[in-house]
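Worksheet: the structure to be examined is printed underneath.
The values are calculated or read from the model by the stated rules, or taken from the named source; none is laboratory data. Predicted model only: the values in this text are computed from it and were never measured. Cβ: placed from backbone, ideal geometry, glycine included. Neighbour counts: every protein chain shown. Quick note on the areas: whole protein, heavy atoms, side chains included, nothing else; ligands and nucleic acids left out. Shrake-Rupley method; radii C 1.70, N 1.55, O 1.52, S 1.80 Å.
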Amino acid sequence: MNPYEVCTLCPRACRVNRQTGGKGRCGMTAEIRLARAARHHWEEPCISGTAGSGAVFFAGCPLGCVYCQNRAISSGEAGAIIPPARLTEIFWELKEQGAHNINLVTATHFAPTVAACIRAARAEGFDLPFVWNTSGYETPETLALLSGLIDIYLTDLRYMRAETARLYSGAADYPAVAKEALRHMVADTGPCAFDDAGILRRGTVVRILLLPGCLAEAKLALVHLNKHYRGKVWVSLMQQYTPMPGMPAPLDRRVTPEEYASLVRFAKELGLTNAYTQEREAATESFIPPFDETGVRKEHS
(Lines give C-alpha, C1' and ligand atoms only; values in the text may rest on other atoms or scores of the structure.)
Protein backbone atom coordinates (compact mmCIF):
# COMPACT_ATOMS: atom_id res chain seq x y z
CA MET A 1 0.00 0.00 0.00
CA ASN A 2 1.11 3.55 -0.72
CA PRO A 3 2.13 4.88 2.73
CA TYR A 4 0.52 8.25 1.96
CA GLU A 5 -2.93 6.72 1.41
CA VAL A 6 -3.51 5.92 5.09
CA CYS A 7 -0.75 7.98 6.64
CA THR A 8 0.96 6.66 9.76
CA LEU A 9 4.41 8.08 8.98
CA CYS A 10 4.59 9.98 12.26
CA PRO A 11 3.40 8.98 15.74
CA ARG A 12 0.21 11.03 15.27
CA ALA A 13 -1.01 8.27 12.92
CA CYS A 14 -3.75 10.51 11.53
CA ARG A 15 -4.51 7.98 8.73
CA VAL A 16 -5.44 10.75 6.30
CA ASN A 17 -5.26 9.97 2.56
CA ARG A 18 -2.58 12.47 1.67
CA GLN A 19 -2.10 10.89 -1.76
CA THR A 20 -5.41 12.31 -2.99
CA GLY A 21 -4.85 15.78 -1.57
CA GLY A 22 -5.87 15.36 2.03
CA LYS A 23 -3.73 17.16 4.59
CA GLY A 24 -2.38 15.15 7.48
CA ARG A 25 -1.71 16.33 11.01
CA CYS A 26 1.57 17.63 9.57
CA GLY A 27 -0.44 20.05 7.38
CA MET A 28 0.87 18.56 4.14
CA THR A 29 -0.41 16.45 1.27
CA ALA A 30 1.90 13.86 -0.31
CA GLU A 31 3.43 16.52 -2.58
CA ILE A 32 6.83 17.68 -1.35
CA ARG A 33 6.89 21.35 -0.34
CA LEU A 34 10.23 23.04 0.32
CA ALA A 35 10.84 26.46 1.85
CA ARG A 36 14.60 26.73 1.37
CA ALA A 37 17.60 24.78 0.10
CA ALA A 38 20.94 26.46 0.78
CA ARG A 39 24.15 26.18 2.73
CA HIS A 40 23.50 26.76 6.41
CA HIS A 41 26.25 27.78 8.85
CA TRP A 42 24.43 27.61 12.19
CA GLU A 43 24.33 23.90 12.96
CA GLU A 44 26.79 22.21 15.31
CA PRO A 45 30.46 22.65 14.23
CA CYS A 46 30.78 19.03 13.12
CA ILE A 47 27.77 19.50 10.81
CA SER A 48 28.30 23.03 9.44
CA GLY A 49 32.10 22.98 9.37
CA THR A 50 33.59 25.87 7.41
CA ALA A 51 31.57 25.54 4.19
CA GLY A 52 28.12 25.02 5.67
CA SER A 53 25.58 22.25 5.74
CA GLY A 54 23.34 21.77 2.71
CA ALA A 55 20.08 22.44 4.53
CA VAL A 56 16.83 21.45 2.83
CA PHE A 57 13.88 22.85 4.81
CA PHE A 58 10.63 20.93 4.33
CA ALA A 59 7.27 22.57 4.97
CA GLY A 60 4.89 21.12 7.53
CA CYS A 61 5.58 19.47 10.88
CA PRO A 62 4.16 16.46 12.72
CA LEU A 63 4.94 17.83 16.20
CA GLY A 64 3.67 21.43 16.16
CA CYS A 65 5.19 22.96 19.29
CA VAL A 66 3.42 26.05 20.63
CA TYR A 67 6.74 27.93 20.75
CA CYS A 68 7.87 26.97 17.22
CA GLN A 69 10.71 29.16 15.92
CA ASN A 70 10.01 28.27 12.27
CA ARG A 71 6.26 28.77 12.21
CA ALA A 72 6.22 30.00 8.62
CA ILE A 73 7.28 26.59 7.39
CA SER A 74 5.87 24.33 10.11
CA SER A 75 2.43 25.76 9.39
CA GLY A 76 2.86 25.24 5.66
CA GLU A 77 2.50 28.95 4.87
CA ALA A 78 5.86 29.11 3.09
CA GLY A 79 7.37 26.96 0.40
CA ALA A 80 6.82 25.65 -3.09
CA ILE A 81 5.73 22.23 -4.31
CA ILE A 82 8.37 20.35 -6.29
CA PRO A 83 8.51 16.95 -8.02
CA PRO A 84 10.74 14.27 -6.47
CA ALA A 85 13.24 14.52 -9.34
CA ARG A 86 13.85 18.15 -8.38
CA LEU A 87 14.79 17.13 -4.85
CA THR A 88 17.48 14.84 -6.20
CA GLU A 89 18.77 17.72 -8.35
CA ILE A 90 18.93 19.91 -5.25
CA PHE A 91 21.20 17.40 -3.54
CA TRP A 92 23.68 17.71 -6.41
CA GLU A 93 23.42 21.51 -6.51
CA LEU A 94 24.22 21.79 -2.81
CA LYS A 95 27.21 19.52 -3.29
CA GLU A 96 28.43 21.72 -6.15
CA GLN A 97 28.13 24.73 -3.85
CA GLY A 98 30.54 23.03 -1.44
CA ALA A 99 28.19 21.81 1.31
CA HIS A 100 29.65 19.26 3.70
CA ASN A 101 26.46 17.20 3.78
CA ILE A 102 22.76 17.20 2.90
CA ASN A 103 20.74 18.28 5.92
CA LEU A 104 17.10 17.16 5.66
CA VAL A 105 15.20 19.40 8.08
CA THR A 106 11.83 18.07 9.34
CA ALA A 107 11.28 15.59 6.52
CA THR A 108 9.50 12.84 8.48
CA HIS A 109 6.13 13.31 6.77
CA PHE A 110 7.80 12.91 3.36
CA ALA A 111 10.07 10.02 4.36
CA PRO A 112 9.13 7.52 1.59
CA THR A 113 9.72 10.06 -1.17
CA VAL A 114 12.91 11.37 0.40
CA ALA A 115 14.22 7.82 0.77
CA ALA A 116 13.58 7.20 -2.93
CA CYS A 117 15.40 10.42 -3.85
CA ILE A 118 18.41 9.43 -1.73
CA ARG A 119 18.53 6.08 -3.47
CA ALA A 120 18.37 7.80 -6.86
CA ALA A 121 21.23 10.13 -5.90
CA ARG A 122 23.35 7.28 -4.56
CA ALA A 123 22.78 5.33 -7.78
CA GLU A 124 24.25 8.31 -9.64
CA GLY A 125 27.37 8.30 -7.42
CA PHE A 126 26.38 10.87 -4.80
CA ASP A 127 28.77 10.58 -1.86
CA LEU A 128 27.96 13.27 0.71
CA PRO A 129 26.50 12.17 4.08
CA PHE A 130 22.75 12.62 4.56
CA VAL A 131 21.64 14.21 7.85
CA TRP A 132 18.15 13.54 9.26
CA ASN A 133 17.38 16.70 11.25
CA THR A 134 14.41 15.83 13.44
CA SER A 135 12.43 16.68 16.55
CA GLY A 136 12.90 13.07 17.62
CA TYR A 137 9.18 12.36 17.19
CA GLU A 138 9.65 9.35 14.92
CA THR A 139 8.18 5.86 14.61
CA PRO A 140 10.34 2.73 14.31
CA GLU A 141 8.58 1.96 11.03
CA THR A 142 9.55 5.27 9.44
CA LEU A 143 13.10 4.98 10.73
CA ALA A 144 13.23 1.52 9.14
CA LEU A 145 12.47 3.17 5.77
CA LEU A 146 15.63 5.25 6.26
CA SER A 147 17.92 2.47 7.46
CA GLY A 148 21.12 2.41 5.44
CA LEU A 149 20.26 5.72 3.77
CA ILE A 150 20.81 8.23 6.59
CA ASP A 151 24.40 8.67 7.75
CA ILE A 152 23.81 11.16 10.56
CA TYR A 153 20.89 11.71 12.89
CA LEU A 154 20.63 15.23 14.31
CA THR A 155 17.80 14.71 16.76
CA ASP A 156 16.15 16.51 19.65
CA LEU A 157 15.36 15.11 23.06
CA ARG A 158 12.95 17.86 24.08
CA TYR A 159 10.87 16.44 26.89
CA MET A 160 11.28 13.77 29.54
CA ARG A 161 7.90 14.30 31.19
CA ALA A 162 4.62 13.47 29.49
CA GLU A 163 2.84 16.48 30.98
CA THR A 164 5.40 18.94 29.60
CA ALA A 165 5.18 17.30 26.18
CA ARG A 166 1.40 17.49 26.28
CA LEU A 167 1.39 21.12 27.35
CA TYR A 168 3.91 22.40 24.81
CA SER A 169 3.47 20.03 21.87
CA GLY A 170 0.18 18.22 22.40
CA ALA A 171 2.14 14.96 22.44
CA ALA A 172 2.14 13.27 25.84
CA ASP A 173 3.74 10.25 24.20
CA TYR A 174 6.82 12.23 23.13
CA PRO A 175 9.20 11.03 25.90
CA ALA A 176 8.53 7.35 25.23
CA VAL A 177 8.52 7.81 21.46
CA ALA A 178 11.72 9.87 21.37
CA LYS A 179 13.61 7.47 23.62
CA GLU A 180 12.70 4.51 21.40
CA ALA A 181 13.51 6.50 18.24
CA LEU A 182 16.92 7.41 19.63
CA ARG A 183 17.65 3.76 20.33
CA HIS A 184 16.97 2.95 16.67
CA MET A 185 19.04 5.88 15.44
CA VAL A 186 22.14 4.97 17.42
CA ALA A 187 21.82 1.31 16.44
CA ASP A 188 21.58 2.31 12.77
CA THR A 189 24.47 4.78 12.61
CA GLY A 190 26.86 3.25 15.13
CA PRO A 191 29.50 5.37 16.90
CA CYS A 192 30.34 8.85 15.65
CA ALA A 193 33.01 8.95 12.94
CA PHE A 194 34.72 12.16 11.83
CA ASP A 195 36.92 13.01 8.87
CA ASP A 196 40.35 14.63 9.19
CA ALA A 197 38.77 18.10 9.26
CA GLY A 198 36.49 17.22 12.17
CA ILE A 199 33.35 16.95 10.05
CA LEU A 200 30.95 14.23 11.13
CA ARG A 201 30.58 11.48 8.54
CA ARG A 202 28.42 9.10 10.53
CA GLY A 203 26.74 8.97 13.93
CA THR A 204 24.11 10.63 16.10
CA VAL A 205 24.03 14.09 17.67
CA VAL A 206 21.37 14.73 20.32
CA ARG A 207 20.16 18.27 20.89
CA ILE A 208 18.75 19.45 24.18
CA LEU A 209 16.94 22.75 23.68
CA LEU A 210 16.73 24.39 27.08
CA LEU A 211 13.33 26.04 27.45
CA PRO A 212 12.58 28.76 30.02
CA GLY A 213 11.54 27.18 33.30
CA CYS A 214 12.45 23.68 32.09
CA LEU A 215 15.94 23.28 33.54
CA ALA A 216 14.97 20.17 35.51
CA GLU A 217 13.56 18.61 32.34
CA ALA A 218 16.80 19.23 30.42
CA LYS A 219 18.83 17.72 33.26
CA LEU A 220 16.68 14.59 33.13
CA ALA A 221 17.51 14.30 29.43
CA LEU A 222 21.22 14.49 30.25
CA VAL A 223 20.84 11.78 32.87
CA HIS A 224 19.16 9.53 30.29
CA LEU A 225 21.87 10.14 27.70
CA ASN A 226 24.65 9.61 30.21
CA LYS A 227 23.13 6.34 31.38
CA HIS A 228 22.38 4.81 27.98
CA TYR A 229 24.59 6.52 25.40
CA ARG A 230 27.71 7.76 27.15
CA GLY A 231 30.49 7.91 24.56
CA LYS A 232 28.12 6.77 21.79
CA VAL A 233 26.57 10.12 20.82
CA TRP A 234 27.51 13.78 20.86
CA VAL A 235 25.29 16.12 22.85
CA SER A 236 24.41 19.71 21.94
CA LEU A 237 23.29 21.97 24.78
CA MET A 238 21.25 24.76 23.21
CA GLN A 239 20.18 28.11 24.65
CA GLN A 240 18.90 29.58 21.40
CA TYR A 241 15.21 29.64 22.37
CA THR A 242 13.67 32.85 21.07
CA PRO A 243 10.17 33.75 22.32
CA MET A 244 7.65 34.31 19.58
CA PRO A 245 4.96 37.01 19.99
CA GLY A 246 2.09 36.12 22.29
CA MET A 247 3.82 33.35 24.24
CA PRO A 248 2.52 32.76 27.78
CA ALA A 249 4.87 32.69 30.77
CA PRO A 250 7.46 31.27 31.08
CA LEU A 251 7.80 30.92 27.28
CA ASP A 252 7.61 34.70 26.89
CA ARG A 253 11.25 35.13 27.86
CA ARG A 254 14.69 33.87 26.91
CA VAL A 255 16.60 31.34 28.94
CA THR A 256 18.60 33.14 31.62
CA PRO A 257 22.41 32.89 31.73
CA GLU A 258 22.05 31.27 35.16
CA GLU A 259 19.74 28.54 33.82
CA TYR A 260 22.07 27.68 30.99
CA ALA A 261 25.17 27.79 33.19
CA SER A 262 23.47 25.35 35.54
CA LEU A 263 22.78 22.94 32.68
CA VAL A 264 26.37 23.10 31.44
CA ARG A 265 27.68 22.62 34.97
CA PHE A 266 25.44 19.59 35.43
CA ALA A 267 26.75 18.04 32.20
CA LYS A 268 30.29 18.47 33.49
CA GLU A 269 29.36 16.92 36.83
CA LEU A 270 28.03 13.89 34.96
CA GLY A 271 31.37 13.65 33.18
CA LEU A 272 29.97 14.23 29.71
CA THR A 273 32.81 15.19 27.38
CA ASN A 274 31.32 14.71 23.90
CA ALA A 275 29.26 17.87 24.11
CA TYR A 276 28.79 21.23 22.44
CA THR A 277 27.74 24.41 24.21
CA GLN A 278 26.21 27.45 22.55
CA GLU A 279 26.92 31.15 22.76
CA ARG A 280 24.08 33.31 24.07
CA GLU A 281 24.08 35.30 20.81
CA ALA A 282 22.45 32.27 19.16
CA ALA A 283 19.16 33.21 20.82
CA THR A 284 18.21 35.72 18.15
CA GLU A 285 15.93 35.62 15.14
CA SER A 286 18.91 36.44 12.91
CA PHE A 287 19.83 32.75 13.17
CA ILE A 288 16.49 31.80 11.60
CA PRO A 289 17.04 31.85 7.81
CA PRO A 290 14.59 33.49 5.39
CA PHE A 291 12.16 30.89 4.07
CA ASP A 292 11.94 32.54 0.67
CA GLU A 293 12.28 29.45 -1.55
CA THR A 294 15.99 30.06 -2.12
CA GLY A 295 17.39 27.10 -4.03
CA VAL A 296 14.01 25.38 -4.33
CA ARG A 297 13.17 26.03 -7.96
CA LYS A 298 15.79 26.22 -10.67
CA GLU A 299 15.18 29.88 -11.33
CA HIS A 300 15.86 30.58 -7.63
CA SER A 301 18.97 28.40 -7.33
Against the longest alpha carbon principal axis of the chain, how many degrees, from 0 to 90 and to the nearest 10, is the axis of helix 84-96 turned?
60 degrees
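Per the Cauchy relation, a quarter of the hull surface: what is the mean projected area of the convex hull of the alpha carbons in region 73-213, in nm²?
Values: hull surface 39.1 nm².
The number I arrive at for region 73-213 is 9.8 nm².
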For Cα pairs less than 8 Å apart in space and 6+ apart in sequence, what is the mean separation divided by the residue count of region 72-195, i.e. the relative contact order in percent?
21 percent
Sort largest first and round to whole Å: the equivalent ellipsoid semi-axes of region 132-187, each the square root of five times a Cα gyration tensor eigenvalue.
22, 10, 9
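Summing Lys, Arg as +1 and Asp, Glu as -1, what charge do residues with Cβ under 11 Å from the Cβ of Trp132 carry, Trp132 excluded? Write out the running numbers ahead of the final one.
Values: positive: none; negative: Glu138, Asp151, Asp188.
Within the 11 Å Cβ shell, the charges total -3.
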If each K or R counts +1 and each D or E counts -1, the residues other than Pro191 whose Cβ falls under 10 Å of its Cβ total +2
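For Ile32, Ile81, give the ranking by accessible area with the largest first, probe 1.4 Å.
Details: Ile32 5, Ile81 80 Å².
The ranking, largest first, comes out as Ile81, Ile32.
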Pair-distance profile P(r), taking every C-alpha pair of region 79-136, with 5 angstrom steps and integer %:
4, 17, 31, 29, 15, 4
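With the alpha-carbon atoms as the only input, what is the per residue convex hull volume for region 154-247 in Å³?
On the way: hull volume 9.9 nm³, N = 94.
That works out to 105 Å³ per residue.
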What are the radius of gyration and Dmax of the chain, computed over its Cα atoms and given in Å?
18.1, 53
Taking only pairs that are 8 or more places apart or on different chains, how many Lys pairs in the chain have Cα atoms under 27 angstrom apart?
11
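Just add up the charged neighbours of Thr273: K/R +1, D/E -1, any other residue whose Cβ is under 13 Å from the Cβ of Thr273.
+2
Which value, in Å², gives the accessible area per residue of region 63-135 when a 1.4 Å probe is used on the protein heavy atoms?
Normalised by residue count, the accessible surface of region 63-135 is 33 Å².
Calculate, in nm to one decimal, what Ala116 and Val66 gain on full extension: separation in residues at 0.36 nm each, minus their alpha carbon distance.
Working: separation 50, 0.36 × 50 = 18.00 nm, distance 3.18 nm.
My answer for the length gained is 14.8 nm.
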Compactness of region 8-59, expressed as Rg and Dmax over alpha-carbon positions, Å:
15.2, 43
Between region 1-74 and region 185-240, what is the separation of their alpha carbon centroids in Å?
21 Å
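Counting helices only, and only those DSSP H runs with n ≥ 4, report the 222 nm mean residue ellipticity of the chain as the sum of -39,500 (n - 2.57) divided by its residues, in deg cm²/dmol to the nearest 500.
On the way: 9 runs with 94 residues, N = 301.
That calculation yields -9500 deg cm²/dmol at 222 nm.
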